[in-house]
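A.B. asks: I have a structure here, written as structure tokens, and I will follow up with some questions on it.
The values are calculated or read from the model by the stated rules, or taken from the named source; none is laboratory data. Just so you know, these numbers come straight off a predicted model, no measurement behind them. As a convention, Cβ positions derive from the backbone with ideal geometry for all residues, glycine included, and neighbour counts pool all protein chains shown. Side chains are part of the model used for accessible areas, which takes the heavy atoms of the whole protein and leaves out ligands, DNA and RNA. Shrake-Rupley method; radii C 1.70, N 1.55, O 1.52, S 1.80 Å.
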Amino acid sequence: MKKLMLLAGLYCLQPSLHATSGNPNAKHETVPMSATERAKANFRENYAWVQDAAWFNTGDDNIYCIFHQGNIVNRVFYNQRGYWQYTLINYPASVLSKEMKERVQSSFPGYQIGYINEIRSDNFEPVYIISIENENNIKVVRMSGDELEVKQVLEKS
């Protein structure tokens, strides 16, 4: 009986084989991940096709990545912990949808669309900051949903 108890005790002390991974290189969720690693993993998951990504740190320890798609410049921003915050997309008027062009031009007759900054985030639909100009003025217009608002007016000299 003593031998049986001893064997049972030794059996219980063995490391549990079912609690470990068969792959010694497998990453476990308990392993901490740096902000940069987390941001790059998120980027690879969402932009696997991108070849020219360049990474930068901002002065406040946030991280962002820049890449190009023809004449479109994309900037993907991550916070200090490596979580996605927003994406900023810059492009010329030629890339703007026909519907949006018509909306801007009907609201501001005589103005030509210059450049567009599109901001995408989780909480809101895209916001567009659009530069328009005529022979006398440059206007910066904010478009979000059905709302179109002039944010700045500059006179040309």
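A.B. asks: Any chance you could count how many residues in the stretch 53-62 are at pLDDT 90 or above and more than 13 Å from residue 82 (Cα to Cα)?
C.D. replies: 2
A.B. asks: Looking at (1) touching a strand residue (DSSP E or B) at 6+ places or on another chain (Cβ under 6 Å); (2) open to solvent by 30 Å² or more (accessible area, probe 1.4 Å); (3) aromatic (Phe, Trp, Tyr); (4) closer than 17 Å to residue 42 by Cβ, which is the only condition residue 67 fails?
C.D. replies: Just one mismatch for residue 67, condition (2).
A.B. asks: It is to be established whether one or more residues within the stretch 32-47 are hydrophobic (A, V, I, L, M, F, W, C) and at pLDDT below 90.
C.D. replies: yes
A.B. asks: If you scan the stretch 80-111, which residues turn out to be free of Cβ contacts under 8 Å to residues at least 24 places away in the same chain and open to solvent by 30 Å² or more (accessible area, probe 1.4 Å)?
C.D. replies: Once the filter is applied, which keeps residues that are free of Cβ contacts under 8 Å to residues at least 24 places away in the same chain and open to solvent by 30 Å² or more (accessible area, probe 1.4 Å), the stretch 80-111 yields 94, 97, 98, 99, 101, 102, 105, 106, 109.
A.B. asks: Still on this structure, I have one more. State which residue is nearest to residue 53 (Cα to Cα) when the search covers only the stretch 87-99 and only residues that are in contact with a strand residue (DSSP E or B) (Cβ under 7 Å, 6 or more places away or on another chain) and in a helix (DSSP H, G or I).
C.D. replies: The residue in question is 95.
A.B. asks: A further question follows. Between residues in the stretch 116-134 that are in contact (Cβ under 8 Å) with a residue 24 or more places away in the chain and open to solvent by 40 Å² or more (accessible area, probe 1.4 Å) and residues that are among the hydrophobic types (A, V, I, L, M, F, W, C) and part of a strand (DSSP E or B), which pairs lie under 6 Å by C-beta distance while being six or more apart or on different chains?
C.D. replies: 117/129; 119/88; 119/127
A.B. asks: Restricting the first residue to the stretch 44-61 and requiring it to be acidic (Asp, Glu), which pairs with a second residue that is open to solvent by 80 Å² or more (accessible area, probe 1.4 Å) and not in a strand (DSSP E or B) meet a Cβ separation below 7 Å and a spacing of at least six or different chains?
C.D. replies: As it stands, the answer is 61/80, since those pairs meet every condition given.
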